[in-house]
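Take a look at the structure set out below.
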Amino acid sequence: MRKWYKLNLLLVPFMLSAGSLSVSAEESTSYKSDVVLFLTNDIHSNLGTSKIMNEDGSTTEIGGVARLAAALAEEREKSEGKYLTLDGGDYSQGTPYQDGYQDGWEIMALAALECDYTTLGNHEFDVGDQAVENSWAAAEKNSAVYKVTDELPSLIISNMFVKYDENGNVIEYTEEDIDPEDLSTNAFASGEYAETGAFNYDITEVNGYKIGLFGLEGETSYGYCKNSDLTRMDSAATANIYAKFLKEEKGCDMVIAISHCGDAEDQAIAEASEGYLDVIQSAHSHTAYTEPLIVNDVIIYSTGCYSQHLGVLGLHRTEDGWSVEADESRLIALTQDYDKADEKDPSAAAEAYRKLDRLVEQFDEALVAENGYFSKLGLEGVTSDTVVMTVENGCNYIQEKDGQQYGYTYIQSPLTAFIGDAFNYASGSQVSFFFGGYVRSSLFEGDFTVADAFNIQSTGESAIDHSAGSSLVTCNLSGRQLAAICTFDAMCSGEADGVLYGGAGTLHSSNMRYEYTAADGTISCDVNTIEIYDPQTQTWNPLELDKAYLCSFTFESTQNLVSYMPALTEGLGYGAIPFAPYEEETGTYAEVPTDNTSEEYYEFWAPYCKGTGILEGTDYELKSWTALYYYAESMNGTLSDYYTPENVMQTRIPAKN
């Protein structure tokens, strides 16, 4: 798991007030650019509005695909046909709408937006490679059901290869096997997942210019795809081969890489460019660029995330290639100015808005239908917009200092404390823990809705039925296993410029604490100082290695820790202990299937996720996000003032000198 580092000074974090980045539609006339690219990336199932935290802590609702459609309609009218609309992947995973991922909901939304091309992000692989094919096949089939008449976007992915031959042997590839004309290597154009219908590349014409496009999945991005089993070819090598092919053999005037590689990797691809690549649409890092970045004559642009902005990149053809039309390249903030619901408004923007609004309404109806997503979890009578409590003071999970982002928090924050306490409350556990990388949203000031609970814990899937949102596991773990958890937490965190920060692998906890030392950019845990809180006696007690502690954690966490735990415990001198339920009386651990993506693995953990804690006596599954919902519901309308920076119980304590 990677750590988070400071962002480039040329980039603006997506949490920044969006209004400062945009130009309203009325302030510009027809485009003078030769080619205009309309860009989105990392929508993450944000088909409705999403929230941003302003500098003063207040909340603004922004974005959504209906507003995006309205903005696109206005800008397309001014571009006079000389445009392409591209999406950079991670269109799925992030809100309750992801429950419709394998029914093709997000893809149908892209179609209704008249998106021309997209690629795969890492979250499209969250529930496996088969789910990618399922989603595209379902989108094709369900378009008629949802009255989507627009063509699906073309899916382009160029460096994800078939891993096994027909005999089950791993295929060994070299750069010589990267052949743009060979679809047999493309995992989503041939073989097991051929029904996905992906392409290696495509060529289209805009304003008389021949434009070639290909798609990339990044090394870091694909590193998160624990449920995928494909071969990823090097992005820079693929980019050079495809760009040269499209320019020299296909005679393209412009070559675009739709890249889900992230800021650093995209800049490295540009640095390695051999002069054929013109544009990289950058996704994965969720970064909103104030202006295009130019590296080695390659133009790079990223538009943030969550359908909060429409990116516009105006390009002008020169004798030396392509240049940016600076006054026509911008982010358009999708504010309430783009609400065009009035049925009497005949404009193209209003028609586009209403079309997407109607589509999303159909998805809303499916979520709350009898035997729909919410009812299956025992949440009858609720919708995504149901208000559960009020939050008086917001808490951002990303920490900043002097305008720089330093990744996730390490020191316990109101948000991380709320999540951990919610797990304990809903499951009845004494100790809970969760990965920092699986915290996907903040506590926003104002109404806290069902969707907010989901959005904070939106990753993963059910161990029971593969539905959206990770199951919450409740079982006994030993003191030795908890010592390894604390050790891993410190290992995956760090220090920079005097700021302690957490990474994707940081393991926040509730009712467990330890003393730490920070030196030379690293953090270490003193396992001899670990203590467990007893809520009944309200006392902290030293960790007992042989004792069983009732713990709660996400099913998704098991899929990571099953690999790490044996080495961690061996490093602590305990021997290789599995990440498995513990029986104190016998001192033994359950035998867990080794393949963490197999049905046997899911079936093993499923009983630990059903009818537990607050749901005891029922057959309902407890998910990590529903734990947040139940805990918020217990607050009597307002989040407790315990959840403020000065009041929360700290779980990492500076070592005593």
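A few comments on the model shown:
- Mean Cα-pair separation over length for segment 377-451, i.e. relative contact order, pairs under 8 Å, 6 or more apart, %: 53
- Rough spin-label spacing in nm, given labels placed 7 Å along Cα→Cβ, for K656 and Q536: 2.8
- For the chain, the relative contact order is 15 percent, taking Cα pairs closer than 8 Å that sit 6 or more residues apart in sequence and dividing their mean separation by the residue count.
- With R₀ set to 41 Å, the beta-carbon distance separating E271 from E361 gives a calculated FRET efficiency near 0.35.
- Residues in segment 331-362 that a label on K147 would reach, taking backbone N under 19 Å of a point 7 Å out along Cα→Cβ: 340-362
- Net charge contributed by nearby residues that have their C-beta within less than 13 Å of L572 (K/R +1, D/E -1): -1
- Equivalent ellipsoid of the chain: semi-axes from √(5λ) of the C-alpha gyration tensor, largest first, are 41, 27, 25 Å.
- Distance (nanometres) between label positions extended 7 Å along Cα→Cβ at Q130 and A576: 2.9
- Reach of K340 by Cα under 30 Å, taken over lysines that are not fewer than 8 positions away in the same chain: K32, K51, K78, K82, K141, K147, K355
- Seen from a random direction on average, the alpha-carbon convex hull of segment 125-258 projects onto 9.3 square nanometres.
- The length gained on full extension between E205 and E77, counted as 0.36 nm times the residue separation minus their Cα-Cα distance, comes to 44.3 nm.
- Computed from the alpha carbon atoms alone, the convex hull of segment 145-211 holds 108 Å³ per residue.
- Over segment 534-657, relative contact order from alpha-carbon pairs under 8 Å, at least 6 apart, %: 13
- Lysines with Cα under 23 Å of K244, excluding same-chain neighbours fewer than 8 positions away: K210
- The K547 and N647 beta-carbon pair, evaluated with R₀ = 41 Å, returns a calculated FRET efficiency of approximately 0.90.
- Peptides ranked, highest mean first, by Cβ atoms within 10 Å: ranges 171-180, 441-450: 441-450, 171-180
- When the solvent-accessible area of segment 518-651 is split by element, carbon and sulfur atoms take up 45 percent of it, the probe being 1.4 Å.
The values are calculated or read from the model by the stated rules, or taken from the named source; none is laboratory data. On a predicted model such as this, the values are computed, not experimentally measured, just so you know. Every residue, glycine as well, gets a Cβ built from its backbone with ideal geometry; the counts of neighbours run over all protein chains shown. In case anyone asks, the SASA skips ligands and DNA or RNA and just uses the protein heavy atoms, side chains included. Shrake-Rupley method; radii C 1.70, N 1.55, O 1.52, S 1.80 Å.
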